[in-house]
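Below you'll find the structure, written out as structure tokens, and then a few comments.
What follows is calculated from the coordinates using simple rules that are stated; it is not laboratory data. As the structure is a prediction and not an experimental result, all values here were calculated from the model. Methodologically, a virtual Cβ is constructed for each residue, glycine included, from the backbone with ideal geometry; neighbour enumeration extends over all protein chains shown.
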């Protein structure tokens with residue numbers, strides 16, 4: 001069995017290798033990232049440094065953003081995005097999974113997926129949060145006075161449909177970042193399963209191989225090579241034969257690229273690149289989604305922002321020593337510690353007030369009440385300028401995100417070489433309804449900030465970030481398009497749906513019309529979940545392992 005070693009791949013490999021008769025091969029292009037700094041929660045979240053374990057690429061110009069290109073990142077190493085993500089554990093609400101079931105995705109309603117969420121979760125009571133602006137009770141008080149319920153557990157399936165809460169994080173009991181390979185493939189487990197679990201890092205997958213018997217297309221092998229080989233010299237390739245199944249877990253950008261390189265995708269695209277068509281499937285690489293977001297920002301005192309660590313070296317050293325000896329303090333916490341989720345329908349037309357009449361009749365299990373706005377409280381500049389010197393003031397951001405976007409983009413090949421990043425169009429704000437949602441979110445964030453008792457505390461709006469240039473919808477919308485960007489939540493590019501509806505996999509995650517080939521990563525979501533994607537991806541991986549085990553038991 002062959003995989004990619006990102007978030008889902010580590011989970012699937014761990015679960016399948018529980019069987020002593022299994023033989024599992026996990027292929028990962030990146031290295032094993034296991035240094036001391038990689039386990040420090042705050043340090044590892046900074047993906048902007050030159051040494052961060054990430055792949056970087058840029059989108060094509062985005063018409064919805066006025067033609068701007070957008071920087072993208074992906075985790076580079078065993079564990080994928082969990083090497084650098086915000087460490088947040090949010091599931092989304094039951095209503096969005098029930099919406100999948102109503103749309104025909106059998107076995108994907110809340111009652112079906114909740115056990116998979118619970119299987120991989122162990123909850124530890126949180127420690128006290130650092131005293132950053134937005135992390136203290138002042139924001140909770142403002143939420144309550146605004147009419148947004150403050151709850152202890154944002155993942156409670158029976159909570160309100162609009163809420164403010166502290167967010168669960170994937171930080172282990174020992175205070176270290178709990179990367180997915182640490183949770184599912186710790187060294188002790190890998191050693192115990194030697195002989196039935198093989199992990200190969202630095203392995204670049206080139207394509208999946210197929211056999212065709214009569215009308216049956218069967219995935220049989222994976223071709224890969226050493227990723228350290230210079231481009232253009234990739235002749236040293238290897239082929240491993242799968243005796244049972246191949247599962248692609250390379251994420252919403254690379255999984256469709258691998259399918260295309262393997263000859264599965266839109267016929268015209270494959271023929272353009274002179275790739276033999278194994279199966280014409282227009283849905284491959286289509287329907288790419290992302291949570292588009294726009295920051296509303298304020299200057300704050302340095303000590304209330306992460307910028308203070310850069311501006312005050314002695315303070316940073318003290319905090320680092322505190323983490324080393326106690327596993328507490330700023331370095332032991334995630335960047336985003338709290339936030340608000342709410343449906344835009346629960347906001348007044350101008351976004352400045354909560355509609356209690358909507359909240360009173362809303363339920364988390366009902367699809368029409370699914371939150372489509374998240375307002376993230378971030379004690380940091382969420383869009384830092386390049387070549388920034390030592391900061392003089394701190395920054396606090398309300399990162400406003402449309403988490404049920406209608407906009408879609410695409411992933412297409414740049415060339416036949418697996419080393420070349422694919423051509424990505426995130427399609428940000430290509431649907432004008434997403435602009436309407438963000439307009440409400442921005443106005444809500446401005447009204448929320450106005451509720452905070454910050455007079456005399458050095459809080460200053462950052463023009464133009466925190467003040468759209470006018471009150472009319474058109475002017476706010478223009479400001480949103482000028483400042484919006486990605487939230488790095490790529491999804492749905494090989495979605496679970498009937499092939500006639502642009503789907504790529506069925507309800508058991510099998511690629512349509514191809515035997516022995518499944519996909520288990522964010523690319524299979526029918527629509528992007530209104531959550532940070534780590535928890536939903538792990539849920540999909542848990543379910544995929546169940547499907548593979550069931551198929552093996554019945555064969």
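Per-structure values
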{"quantity": "For peptides 481-487, 439-445, sequence by mean Cβ density within 10 Å, most packed first", "calculated": "439-445, 481-487"}
{"quantity": "Percent of beta bridges antiparallel (DSSP, the chain, rounded to nearest 5)", "calculated": "80 percent"}
{"quantity": "Alpha carbon convex hull of region 315-366, projected area averaged over orientations, nm²", "calculated": "6.5 nm²"}
{"quantity": "Two-decimal Rg to Rh for region 151-220 - Kirkwood Rh, Cα set", "calculated": "1.22"}
{"quantity": "Between 0 and 90°, nearest 10: helix 432-450 axis offset from the chain longest Cα axis", "calculated": "40 degrees"}
{"quantity": "Three principal axis lengths of region 150-289 [C-alpha, angstrom, descending]", "calculated": "57, 40, 34"}
{"quantity": "Theoretical ellipticity at 222 nm over the chain - DSSP helices of four or more residues, -39500 (n - 2.57) apiece, nearest 500", "calculated": "-7500 deg cm²/dmol"}
{"quantity": "Sequence ranges 529-537, 143-151, ranked by mean other-Cβ count within 10 angstrom, highest first", "calculated": "529-537, 143-151"}
{"quantity": "Compactness relative to 2.2 N^0.38 Å, alpha carbon Rg of the chain", "calculated": "0.95"}
{"quantity": "Calculated SAXS-style log₁₀ I(q)/I(0) at q = 0.16, 0.30 Å⁻¹ - region 241-281, Debye, Cα scatterers", "calculated": "-0.43, -0.96"}
{"quantity": "Cα-derived Rg to Rh of region 1-51, Kirkwood definition", "calculated": "1.10"}
{"quantity": "Long-range Cα-Cα pairs in region 397-555 (distance over 29 Å), rounded percent", "calculated": "38 percent"}
{"quantity": "The chain: angle of helix 251-261 to the longest principal axis, Cα-based, in degrees nearest 10", "calculated": "30 degrees"}
{"quantity": "Alpha carbon centroid spacing (whole Å) that separates region 481-511 from region 144-159", "calculated": "29 Å"}
{"quantity": "Burial ordering of 18, 360, 87, 96, fewest other beta-carbon atoms within 10 Å first", "calculated": "360, 18, 87, 96"}
{"quantity": "Alpha-carbon spread of region 393-441, three principal axes, descending order, Å", "calculated": "43, 34, 13"}
{"quantity": "Kirkwood hydrodynamic radius of region 478-555, from inverse mean 1/r over distinct Cα pairs, in Å", "calculated": "13.9 Å"}
{"quantity": "Alpha-carbon centroid distance for the pair region 46-124 / region 271-286, whole angstrom", "calculated": "26 Å"}
{"quantity": "With Cα atoms, 0 to 90° folded angle of helix 7-16 axis to the chain main axis", "calculated": "50 degrees"}
{"quantity": "Among 338-351, 185-198, 19-32, the order from most to least packed when residues are scored by Cβ within 10 Å on average", "calculated": "338-351, 19-32, 185-198"}
{"quantity": "Inverse mean reciprocal Cα-Cα distance (Kirkwood Rh) of region 323-408, Å", "calculated": "16.1 Å"}
{"quantity": "Exposure proxy order (Cβ contacts within 10 Å, fewest to most) of 330, 73, 247", "calculated": "73, 330, 247"}
